[in-house]
Amino acid sequence: MLNIVLFGPPGAGKGTQSKLIVDKFNLIHLSTGDLLRAEIKAGTELGLKAKHLIDAGKLVPDEVVIGMISHKLDNDKAEGFIFDGFPRTKEQAKALDHLLEEYNDSISAMISLKVPEEELINRLLERGKESGRADDQSESVIKDRLHVYRDQTEVVKEYYAGQGKAIELDGLGSVEQVFDRIKNAIEKA
Ligand code: AMP
């Protein structure tokens with residue numbers, strides 16, 4: 001199986017690139033952000049609890065997102081998965097390794113997209129005009145999300161570097177240029 005973690009700060013292009021990777025490599029896209037927004041839309045109890053955290057740019061508790069991913073791994077059958085926006089903490093990364101171990105499987109590579117902070121803020125504000133996402137509308141919430149990324153999420157890169165699986169790529173350029181870099185990296189991995 002080909003299991004890829006697509007990593008990077010909010011606005012790095014993970015969602016856009018995931019769609020292209022899924023088409024090319026026949027993987028299932030698992031985005032915890034998308035799954036949480038679907039819960040909110042459906043008005044579930046989980047969605048209601050998560051909404052205020054998401055709107056404030058904070059992380060949803062580890063056990064909630066780990067539970068959602070575990071459910072997906074149990075039920076979706078694929079040639080592999082692309083994890084987008086997960087893991088976002090070291091605990092989530094460890095939990096993912098354990099979940100995959102249950103299927104005698106593992107992460108093949110972590111691909112991290114590097115984009116300067118100013119560009120991230122511009123991209124997110126631009127996306128907010130169309131996405132309607134509350135967390136993309138305000139510069140202060142965007143800055144909080146970037147702070148959470150630096151504070152709690154960036155360590156995940158070291159976790160995979162320790163396993164020799166971390167690949168960092170330039171996330172600047174056109175969607176096609178970035179996808180070309182990712183495609184080459186996956187083919188090498
Ligand atoms: P995203 O669509 O990946 O930008 O995620 C939007 C929001 O959902 C994040 O700002 C968090 O509030 C929440 N979220 C998504 N994935 C996770 C995760 N793996 N761990 C904790 N919170 C998450």
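In table form, for the structure just shown:
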| quantity | calculated |
| --- | --- |
| Matching residues in the range 46-70 - criterion: being assigned to a helix (DSSP H, G or I), touching a residue at least 60 places away in the same chain (Cβ under 8 Å) and surrounded by 17 or more Cβ atoms within 10 Å (Cβ to Cβ) | 54 |
| Unmet requirement for residue 24, which otherwise passes all of (1) near the ligand (Cβ under 10 Å from one of its atoms); (2) of a type in the set (Lys, Arg); (3) farther than 26 Å from residue 158 by Cα | (1) |
| Among the residues listed as 73, 100, the single one being touching a helix residue (DSSP H, G or I) at 6+ places or on another chain (Cβ under 7 Å) and either part of a helix (DSSP H, G or I) or of a type in the set (Asp, Glu) (or both) | 73 |
| Any hit, the range 80-92, residues being part of a helix (DSSP H, G or I), charged (D, E, K, R), within 15 Å of the ligand (Cβ to nearest atom) and open to solvent by 10 Å² or more (accessible area, probe 1.4 Å) | yes |
| Selection within the range 106-150 - assigned to a helix (DSSP H, G or I), free of Cβ contacts under 8 Å to residues at least 40 places away in the same chain and of a type in the set (Ser, Thr, Tyr) | 131, 140 |
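The values are calculated or read from the model by the stated rules, or taken from the named source; none is laboratory data. Only a predicted model underlies this, so the values are computations on that prediction, with no experimental measurement involved. Counting neighbours? That spans all protein chains shown, and the Cβs are built from the backbone with ideal geometry, glycine included. Note: areas computed on protein heavy atoms with side chains; ligands, DNA, RNA excluded. Shrake-Rupley method; radii C 1.70, N 1.55, O 1.52, S 1.80 Å.
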